[in-house]
Amino acid sequence: MNNRILLLLLPFLLAFTSSKKVTPPGTILIQKGFYADETEVTNGAWMEYLFDVRARFGAQSNNYLQALPDTTVWNSVNPLLTPKYLRHPLYKNYPVVGISYEQAIAFCKWRTERVKSFYGLRFKEDWNIEYRLPTETEWENMAIWEAAKINNTTPENNRFNCKETCITPHTIDVHLFNKSLTGQYQLLGNVAEMTQEKNKAKGGSWFHAAEECRTGLYQVYSGPSAWLGFRCVCLVNPQ
């Protein structure tokens, strides 16, 4: 394996302790056998994905070209972000956007394969896990714990990034604002999050009004957008 790739993914390797009872890298426990990302998938994580795909298949391969986000989603929002939002270090911890449903699915598959490979190297056996997009119901069950902490009808709504309260008229760092009761950040606001149900996203975003970022609602999308991202959930021992 390329040494650069090993270095980039070292945090994943370090997550595997001598015990086989490990938390899937990048996630927190929601309930037995079901884990989820603490934050939305970031530009930094997507760049690691791109580096790995490029190293294995080449910069001109369909695999790599099909994994590139559509950075033109910023043209009508803030053209200055078009050339730098994905790759500039300033935005490393901002949510990746310009991603299609199919690209998000491919990322989940890649992540599953990489983590299972690392586990096999560590423990010399298989680990039956699967990273994927959450179902709408799974997302709602996580977000209700954030909604319990935030009342959208009071000044408390500044705890998430929506149209009325956004610091700047675009995304923000995924770790800003308080954690929900599950230990997750920004299920409501910042970017709307894809679900397994294609063309249906949950949570609202910097682009949406606070009242659109409530639980129980969803956003319809037809392709990549500057307000659309995702987070993964992970099933351990999926059937």
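What follows is calculated from the coordinates using simple rules that are stated; it is not laboratory data. Please read these numbers as outputs of a predicted model, since none were measured by experiment. Note that we place each Cβ from the backbone using ideal geometry, even for glycine, and neighbour counts take in every protein chain shown.
Results, tabulated for the structure shown:
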read-out: Semi-axis lengths (Å, descending) of the ellipsoid that matches the C-alpha gyration tensor of the range 28-85; value: 27, 20, 9
read-out: The chain: most fluctuating residue of TRP206, TRP227, TRP110 per GNM, C-alpha cutoff 10 Å; value: TRP110
read-out: Computed lengthening from LYS109 to THR168, 0.36 nm per intervening residue step minus Cα-Cα distance; value: 17.9 nm
read-out: Relative exposure of LYS198, LYS179, judged by other C-beta atoms within 10 Å (fewest first); value: LYS198, LYS179
read-out: Vicinal HN-Hα couplings computed from phi for the range 169-180 (Karplus, 6.51 cos²θ - 1.76 cosθ + 1.60; Hz; Gly/Pro x); value: x, 6, 5, 9, 3, 5, 9, 6, 6, 6, 6, 6
read-out: Rg over Rh [alpha-carbon atoms, Kirkwood Rh] for the chain; value: 0.96
read-out: Residue pairs, from the table LYS124/LYS179; LYS163/LYS200; LYS116/LYS179; LYS32/LYS116, whose Cα atoms sit over 31 Å apart; value: LYS124/LYS179
read-out: Full-stretch length increase - ASN199, LYS32 - with 0.36 nm per residue and alpha-carbon distance subtracted; value: 57.2 nm
